[in-house]
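What follows is a set of notes on a single structure, which appears directly below.
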């Protein structure tokens with residue numbers, strides 16, 4: 001069969017395809033498809049001739065094959081034909097691969113001639129030699145080819161070899177790689193992407209769009225079909241908005257702006273949108289590309305940064321910056337509305353001492369709890385702020401009169417009435433408050449701040465633990481829990497001081513062996529006040545000496561009275577402070593008082609807190625040694641509270657150790673707490689000192705104490721602090737009936 005009748009047709013087909021390629025392909029058509037179509041037709045016709053030839057194919061090129069070579073060159077293709085013995089009998093278009101080796105040098109040679117220079121292609125030829133038909137891809141130098149292998153048969157249907165059509169698809173592969181990269185970039189982009197057609201129907205979306213909005217492409221189609229803007233992606237779209245977008249697209253082919261979008265859940269969020277139009281070579285609009293990013297995280301971050309810039313990171317209260325801003329705004333509002341504004345400047349008393357003795361972590365927790373209490377105490381419209389350190393402020397607007405100012409000040413101080421407890425430790429903290437009122441104490445921020453600060457220092461100077469208002473005047477200072485030193489001095493003259501007694505119980509012998517005297521102030525306006533609320537003032541004002549002398553005399557008088565009644569109370573303990581230890585006349589006062597009431601020195605036991613001992617070891621040691629030689633007895637109160645080394649006890653001549661009451665509060669906790677009490681009791685045994693547990697309230701606590709060898713106890717289980725008369729009667733009944741405890 002001759003190839004000549006088909007040559008002209010093939011040339012025209014190839015030229016037609018090439019012209020169509022250069023003058024414009026339909027959008028999206030795969031270019032190699034045309035090339036493969038053309039060359040496949042050529043190769044098929046070419047093979048018709050070969051199939052009618054003898055099995056041994058000719059290797060002499062003819063005129064028709066030269067025309068076929070021109071077509072192959074034009075289409076950037078190579079045609080290979082190999083006979084059944086593996087010899088290259090036809091190679092058309094070879095010069096497009098290697099111009100240095102002539103085609104004639106390949107014809108008639110075994111396919112292994114390509115093994116050295118083109119090992120990958122040689123491997124494919126070997127597969128085809130075995131009779132396999134397949135399509136593969138590979139490189140020829142810098143070019144990328146698609147290889148299509150097929151079997152060649154003779155007129156008898158027997159395999160006579162194989163053929164291969166290799167098409168150069170380098171440019172197509174590069175284009176594909178670029179498109180694939182672009183698609184992957186869009187698919188993995190953090191920005192949401194939607195592609196719309198010219199009719200504004202969504203064609204595709206990326207993963208980021210679904211992740212951000214929760215909508216799928218089908219969801220978008222349904223929303224557009226419904227035309228319901230209330231459930232759409234855009235929030236509150238209007239005609240003006242769309243007109244602006246369309247105008248920008250017409251003018252610039254692009255629009256960018258921030259809009260409110262809606263997630264599938266209904267949540268609204270801010271998004272930065274970029275809308276672009278896609279046009280073809282004729283300028284006709286074909287697609288819309290929409291890109292947007294979720295700004296909600298960024299906005300939240302900005303809000304958090306603004307919050308951190310205006311709030312205290314420990315207490316979460318407004319910091320100094322926000323406080324000053326709110327105070328300035330409050331003053332302006334008060335000026336416009338002709339109302340009053342009150343500023344309360346709060347400074348904790350002895351906060352440095354709290355930090356030093358309990359640690360900064362404890363101090364931080366104290367500040368946090370104070371912040372919480374202040375927020376609960378004041379009005380919702382008031383501003384509570386932390387200026388710095390232990391300084392707080394309260395801004396109260398729309399104040400009607402000074403009575404309201406006093407009420408807020410009282411509520412502020414009430415935050416310190418209840419002890420603070422952290423990790424099983426209790427602490428009583430107080431504060432001094434300065435009050436300034438707009439416009440009476442100042443008509444601008446700076447003056448008002450200065451006046452409030454001055455008032456706070458007045459409260460400090462007057463004894464702490466209260467508030468002071470400059471506007472009221474120094475003589476009309478309003479006080480919540482703040483006591484005048486003069487009030488404390490007058491308390492003795494007005495017979496406002498009294499003593500109560502709490503029994504000390506011997507667990508082993510089941511009897512009361514003594515008691516502790518506790519001072520009480522029966523204030524005419526505030527009721528019963530415990531020493532913890534006024535002893536600081538007493539020490540600072542130098543009143544403890546008078547209180548101590550009165551207490552010593554009252555205890556000795558009562559002991560003598562009990563003895564005359566036949567009550568053999570072993571001893572009474574008295575708490576003493578550092579000012580009494582430092583007083584050189586105090587030992588003589590003790591001996592004189594004992595002699596006056598005809599009592600033995602062993603009837604008294606003086607209790608010194610462990611904190612005081614550790615703060616002044618030398619002074620307290622000398623004091624105790626001196627009075628021990630006189631026959632007086634001593635006890636360390638709050639033993640174990642400090643957690644410090646107890647080596648000081650070796651040289652400290654005390655008779656008893658009173659465990660800190662907080663240790664027993666933890667007795668129902670972990671085994672560690674019980675081990676600590678047992679260890680402290682063991683220390684007392686080793687040093688031959690009586691160990692007294694304080695705060696015993698339940699029978700189980702008593703049983704545990706007995707098991708670990710602590711045989712002396714004090715607490716509500718045996719009796720609350722009681723008057724001298726009640727103690728005497730209860731003691732008489734105990735001695736007569738020997739019950740297990742006092743009530």
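Using the Cβ-Cβ distance between residue 155 and residue 105 with R0 = 25 Å, the FRET efficiency computed as 1/(1 + (r/R0)^6) comes to roughly 0.20. Taking square-rooted eigenvalues a ≥ b ≥ c of the alpha carbon gyration tensor, is region 81-148 rounded, prolate or oblate, where a/c under 1.5 means rounded and, failing that, a/b exceeding b/c means prolate? Since a/c reaches 1.5 but b/c is at least a/b, the shape of region 81-148 is classed as oblate.
Can you classify region 188-299 as rounded, prolate or oblate using the Cα gyration tensor, where a ≥ b ≥ c are the square roots of its eigenvalues, rounded means a/c under 1.5, and otherwise it's prolate if a/b beats b/c and oblate if not? Rounded. Legend: ranking of residues 243, 411 from fewest to most surrounding C-beta atoms inside 10 Å; resulting order 243, 411.
Exposure proxy for 539, 155: other Cβ atoms within 10 Å of each Cβ, ordered fewest to most, give 155, 539.
Here residue 265 and residue 302 are evaluated by their C-beta separation; at R0 = 22 Å the FRET efficiency comes out at 0.45.
When 395, 273 are sorted by how many other C-beta atoms sit within 10 angstrom of their C-beta, beginning with the fewest, the order is 273, 395. Each Cα pair under 8 Å and six or more residues apart adds its separation to the average, and for region 311-482 the resulting relative contact order is 25 percent. The slack between residue 287 and residue 404, meaning 0.36 nm per residue of separation minus the straight C-alpha distance, is 35.1 nm. The shape of region 549-736 comes out oblate: with a ≥ b ≥ c from the C-alpha gyration tensor, a/c is at least 1.5 while a/b does not beat b/c.
Per residue, the average separation of C-alpha pairs within less than 8 Å and at least 6 apart gives region 148-299 a relative contact order of 19 percent. Across region 675-693, the residues whose backbone nitrogen lies under 19 Å from the label position 7 Å along the beta-carbon direction of residue 700 are 675-678.
Each reported figure results from applying straightforward, stated rules to the coordinates on display, with no laboratory input. Keep in mind the model is a prediction, meaning the values are calculated, not measured. Counting neighbours? That spans all protein chains shown, and the Cβs are built from the backbone with ideal geometry, glycine included.
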